[in-house]
1. If the chain between Asn128 and Lys74 were fully stretched, how many nm would it gain, using 0.36 nm times the residue separation less the Cα-Cα distance?
2. Can you order the peptides 61-68, 137-144, 74-81 by their average number of other Cβ atoms within 10 Å per residue, highest first?
3. Hey, which of these cross-link pairs are over 27 Å Cα-Cα: Lys49/Lys179; Lys50/Lys179; Lys53/Lys124?
4. Pop a pseudo-label 7 angstrom from the Cα along the beta-carbon direction at both Val174 and Tyr135 and give the gap in nm to one decimal.
5. Quote the Stokes-Einstein diffusion coefficient, in whole µm² s⁻¹, for the stretch 103-177, based on the Kirkwood radius over alpha carbon pairs, a temperature of 20 °C and a viscosity of 1.002 mPa s.
6. Compute the separation of the alpha-carbon centres of the stretch 126-176 and the stretch 55-92 and state it in Å as a whole number.
7. If r is the Cβ-Cβ distance from Asp156 to Lys53 and R0 is 22 Å, what FRET efficiency results, to the nearest 0.05?
8. About its Cα centre, how strong a charge dipole does the stretch 62-179 have in debye, to the nearest 20, once Lys and Arg get +1 and Asp and Glu get -1 at the Cβ?
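Here, each number is a calculation from the coordinates, and none is a lab measurement. Remember, predicted model here, so these are calculated numbers, not experimental data. When we count neighbours, we look across all protein chains shown, and the Cβ atoms used for this are built from the backbone with ideal geometry, even at glycine.
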Amino acid sequence: MKTIILSVFAVIMACQFKTTTPQYSASLDDKKDKSIINTEGVMIDTSLKKIVKTEEEWKKILGNGLAYQVLREKGTERSFTGKYWDNHEEGTYHCAACHLPLFSSKTKFESGTGWPSFYEPIKKSHINDHRDLSYGMVRDEVVCARCDGHLGHVFDDGPKPTGLRYCINSVSLVFETHK
């Protein structure tokens, strides 16, 4: 119980929330099913065709630990504990559940919150946002557009050019370096 209270307190303190909803728009090009080839010559599926699995299937993919708790049950890892909050390598952050490319290291910045923070996704169509009223707060939850995995939250106190701060759980991401 003490751990839960401390985690909730860390979220409240680190993610100083705003009550406004950021606006997103996706171009028609973003909505087309596509694949890209990464720098290693590997084909990456960037189609947005929904991935639907039972919770048992997700548990087989993610395990029963923190990844499942965050991605499928909308949990939050403790600040300053994830593997990517202090990552400074060049590369791409993908959804840990379905491997959709989500964020580039080029848009990552130091927010001081203890979670990886980005000012924009690779493509706006790769994420969706939903109003989140949990824990007595008003926030905008960010989920993967393809598998609906919980990633974190977006706030309107980020740097230019967007003014947005995507505060994302490391456990929701898989990082691939650019070589």
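1. Working it through step by step, the gained length comes to 18.0 nm.
2. 137-144, 74-81, 61-68
3. Those over the limit are Lys49/Lys179; Lys50/Lys179.
4. Here the modelled spin labels are 2.7 nm apart.
5. This corresponds to a translational diffusion coefficient of 170 µm²/s.
6. Rounded to whole Å, the Cα centres lie 13 Å apart.
7. Efficiency at R0 = 22 Å is approximately 0.10.
8. Charge dipole of the stretch 62-179: 180 debye, to the nearest 20.
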